[in-house]
1. Among all stretches of the chain without exposed GluC sites (Glu not before Pro) (DSSP loop, at most 15 other Cβ atoms within 10 Å), which one is longest?
2. Give the separation of the Cα centroids, region 28-81 to region 167-186, in Å.
3. Using the basic label-point model (7 angstrom from Cα toward the beta carbon), what is the GLU145 to GLN58 distance in nanometres?
4. Normalising by the residue count of region 56-116, find the relative contact order in percent from Cα pairs under 8 Å and 6+ residues apart.
5. So what is the relative contact order of region 26-262, in percent, for Cα pairs below 8 Å that sit 6 or more residues apart?
6. Residue-wise, which Karplus ³J(HN,Hα) couplings in Hz belong to region 155-166, taking 6.51 cos²θ - 1.76 cosθ + 1.60, θ = phi - 60°, and x for glycine or proline?
7. Can you give the charge dipole size of the chain about its Cα centre, rounded to the nearest 20 debye, using +1 on the beta carbon of Lys and Arg and -1 on the beta carbon of Asp and Glu?
8. Which of TYR81, VAL31, GLN177 sits farthest toward the positive end of the charge dipole of the chain, with +1 on the Cβ of Lys and Arg and -1 on the Cβ of Asp and Glu?
Amino acid sequence: MQLMRIFWLVLAVTVMTTMNPSAAELTADEVIAKANQAAYYAGKDGRSAVRMTISDAQGGTRQRAFTILRMNSDDDNQKFYVYFTAPADVRKMAYLVWKNVGGEDDRWLWLPALNLKKRIAPGDKRTSFVGSDFLYEDVSGRSPEEDSHELIEVTDQHYLIRHVPKAPGTVEFAWYQTWIDRQTFLPMRAEYYEASGERYREVEAMKVETVQGHPTVMVAEARDLISGTSTRNEFSKVEYDLGLKEQIFTERFLRRPPREVTR
């Protein structure tokens with residue numbers, strides 16, 4: 001009789017898992033792979049307008065406005081193009097990223113006021129993006145292969161993952177943790193820690209909407225807990241699968257923006 005109970009229990013679990021594959025437990029690496037796809041690979045390409053508000057510790061604010069274009073490759077490599085439209089001191093500035101999975105990304109910054117094209121060194125990818133609390137690396141994403149991942153907790157809403165850098169000498173954090181939505185697999189919150197255990201930085205998705213079938217972060221905020229500064233990005237005019245051409249994502253268009261960002 002006991003064997004029969006065990007048999008029926010195993011059968012019930014098997015049927016439930018077959019009917020609902022999400023009921024099967026995922027490993028930390030599997031969760032991170034899904035989160036990376038959800039956050040950075042929606043559609044074959046994409047475009048969005050961004051209004052950035054940078055707040056200092058005294059409550060003063062500065063504004064930035066720019067457009068982001070993104071195109072995926074069949075090998076999971078990507079290209080990003082960012083063009084600034086306001087204010088005057090950053091207008092016509094452009095940022096280009098060739099994301100190379102498994103290798104170092106190529107990044108360029110065009111500074112029209114200086115008539116200068118600047119290549120961003122791999123070691124600078126975790127520095128401030130145009131004076132904000134977001135980093136250059138935040139634009140195109142951190143490669144999952146750069147960290148080891150541990151599943152800490154699973155709740156009804158989130159997977160909590162702890163990440164430790166494989167090359168700690170190349171980054172400013174000792175470890176960080178992310179809360180990943182179990183339904184959308186979008187990272188909803190990240191906290192970064194120093195070796196002392198002090199939390200010094202947070203990034204949070206404040207608003208999510210579904211656009212063309214893709215759950216999309218519409219408002220994101222980064223906070224520097226040491227300096228007291230914060231930056232909020234508000235996304236609008238989000239579109240996917242536009243059929244963008246690869247020629248847009250070349251150094252040629254650093255100096256002269258394509259019509260896809262000006263229309």
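Where a number appears in this text, it was derived from the coordinates with a stated rule and is not lab data. Please read these numbers as outputs of a predicted model, since none were measured by experiment. Reconstructed Cβ throughout: ideal geometry from the backbone, glycine too, with neighbour counts over all protein chains shown.
1. Working: sites that count: GLU25, GLU104, GLU172, GLU194, GLU198, GLU251.
Answer from the scan: 26-103.
2. For region 28-81 versus region 167-186, the Cα centre distance is 16 Å.
3. Going by the 7 Å Cα→Cβ label model, 4.7 nm.
4. Details: 101 pairs, mean separation 14.6, N = 61.
24 percent.
5. Working: 507 pairs, mean separation 50.9, N = 237.
Across region 26-262, relative contact order equals 21 percent.
6. Whole-Hz 3J(HN,Hα) from phi for region 155-166: 10, 4, 9, 9, 9, 9, 10, 9, 10, 10, x, 6.
7. Numbers: 35 positive and 38 negative charges, 269 e Å.
That gives a dipole near 1300 debye.
8. The residue sitting farthest along the positive end of the dipole is TYR81.
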